[in-house]
Amino acid sequence: MIKSILNKSSFTHSDIVQLLEANKQDTKILFAHSSKIKEHYIGNKVYLRGLIEFSNICEKNCYYCGIRKSNKNTKRFNLNDEAILSAALFAYKNNYASLVLQSGEIQSNSFTSRIEKLLRKIHKLSQGTLGITLSCGEQNKNTYERWLKAGARRYLLRIETSNRTLYKKLHPNNNMHSFDKRIECLQSLKELGYQTGTGVMIGLPFQNTTDLANDLLFMKNFDIDMCGMGPYILHKDTPLYKYTSTLLPIQKRLELSLKMVAILRIIMKDINIAATTSLQAISSNAREHAVEIGANVIMPNITPDNYRDDYHLYQNKPKSININSQNTEHPKTTFFGNAEIGFGKYGDSPHFLKK
Ligand code: SAM
Ligand code: SF4
């Protein structure tokens, strides 16, 4: 059965559900297949994106997220420009070739200008060689355009779930948390010419394999260039915590996340897929596993150590690196698992480059 699905040139929704529900033995076949596809279309490579989580100040109140505005137990921080630029310099000097600037969501003129200026400064300090991804939430098209002109080339905005009804259960019911607005933002990013990335959380309360299959089809239909998706992980100071007893066991959420990566690699052969940090929160070598079966991007956290643990999205979030100490996540070898690290290479989405 599994082989006949894998031999098809495109999958139906029901094929994807069957793959997501595959037993252990079939899962091995699925992973061997996705691994070959990755090897063929991407090569045995993994590219670096130094992740700078520069501020946990957020105006929104997503029910799953530890740094949501109403969580009074979060110690708020906002790195100064100097700290951000020194992390960017670290990425540049260590040949990462790319970095990600991520933060809580703020929509204001001063936030827009600050990011714009930072982008220009990073461009300057790296002689224009660092590829910058932004992940600063929903903004208007004009803001996205200003950031693109200032040097950003990729943008990551997760749809979180493509099921509108489920989306409503995960967010407050107001204009600030609108499914339509999110789609509109993704559309703007694509129209402006960003390498556009999205993704979902896997194993959310009220979510089933039908939803997840739809998520993968959403990504395919939207024709995304990059994906960052990973398991949903609890945070005790969030409204979703009360549904803990309804969740799949954590190992199942991990398994499902790996299957999502494998299936996405099969249906979108040449996009960039990140092995996300939340995988690592479940198992220390889960990202290596994800890279083996389809992912081709990792995001070592290079946020300065005084702040790294306040960007507390969920429990067990791995400690980020101290760039000045031995306790660094900075790769010490040229391999990550079995994949060769593309030091000094942008590792742009081949899918995007072909457009
Ligand atoms: N504020 C921006 C946004 O929401 O797009 C960027 C930062 S936000 C913290 C980045 C991602 O973290 C979200 O898209 C969400 O999928 C993920 N996240 C938040 N809480 C999570 C949780 N409890 N488990 C897993 N991922 C989570
Ligand atoms: Fe803010 Fe992003 Fe967390 Fe939502 S997911 S509360 S927008 S940081």
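The values are calculated or read from the model by the stated rules, or taken from the named source; none is laboratory data. The structure displayed is predicted, hence computed values, not measured ones. Cβ atoms come from the backbone with ideal geometry, glycine included; neighbour counts cover every protein chain shown. Surface areas here come from the heavy atoms of the whole protein model, side chains and all, with no ligands, DNA or RNA. Shrake-Rupley method; radii C 1.70, N 1.55, O 1.52, S 1.80 Å.
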For Asp180, solvent-accessible area (1.4 Å; no DNA, RNA or ligand), Å²: 90
Rounded accessible area per residue of the range 43-111, 1.4 Å, Å²: 39
Whichever lysines have a C-alpha closer than 18 Å to that of Lys190, once near sequence neighbours (fewer than 8 apart) are set aside: Lys141, Lys149, Lys181, Lys220, Lys354, Lys355
Net charge, Tyr346 excluded, C-beta distance under 11 Å - Lys, Arg +1, Asp, Glu -1: +3
Placing each pseudo-label 7 Å from Cα in the direction of the beta carbon, Glu39 and Asp310 end up separated by a distance in nanometres of 4.7
Looking at the chain, what % of its DSSP beta bridges pair antiparallel, to the nearest 5? 10
Per residue, how much accessible surface does the range 170-270 expose to a 1.4 Å probe? Answer in Å², no decimals. 35
Heavy atoms only, 1.4 Å probe, whole protein assembly: order Asp225, Asp305 by accessible area, highest first. Asp305, Asp225
Nonlocal amide H pairs with Lys45, under 5 Å, H built at 1.01 Å: Glu340
For the range 256-264, 3J(HN,Hα) per residue [Karplus equation, 6.51 cos²θ - 1.76 cosθ + 1.60, θ = phi - 60°, Hz, x = Gly/Pro]: 5, 5, 5, 5, 4, 4, 4, 5, 4
Helix-only estimate, please: 222 nm mean residue ellipticity of the chain, summing -39500 (n - 2.57) across DSSP H runs of length 4 or more and dividing by its residues, to the nearest 500. -12000 deg cm²/dmol
Whole-Hz Karplus ³J(HN,Hα) for the range 7-15, in order, using 6.51 cos²θ - 1.76 cosθ + 1.60 and θ = phi - 60°, x for Gly and Pro? 6, 6, 7, 8, 9, 8, 4, 5, 4
When the Cα centres of the range 202-235 and the range 140-186 are compared, how far apart do they sit, in Å? 15
Under a cut-off of 16 Å between alpha-carbon atoms, report the lysines in cross-link reach of Lys93, not counting same-chain residues fewer than 8 places apart. Lys121, Lys124, Lys332, Lys345
At 1.4 Å probe size, with the rest of the protein present, what percent of the exposed accessible area of the chain is carbon and sulfur atoms? 49
For the chain, using Cα atoms only, the Rg and Dmax in Å read 19.0, 57
The range 12-36-the range 68-83 distance, computed between alpha-carbon centres (Å): 41
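How much length would be gained if the chain were fully extended between Ser283 and Ser110, taking 0.36 nm per residue of separation minus their Cα-Cα distance, in nm to one decimal?
That works out to 58.4 nm of additional length.
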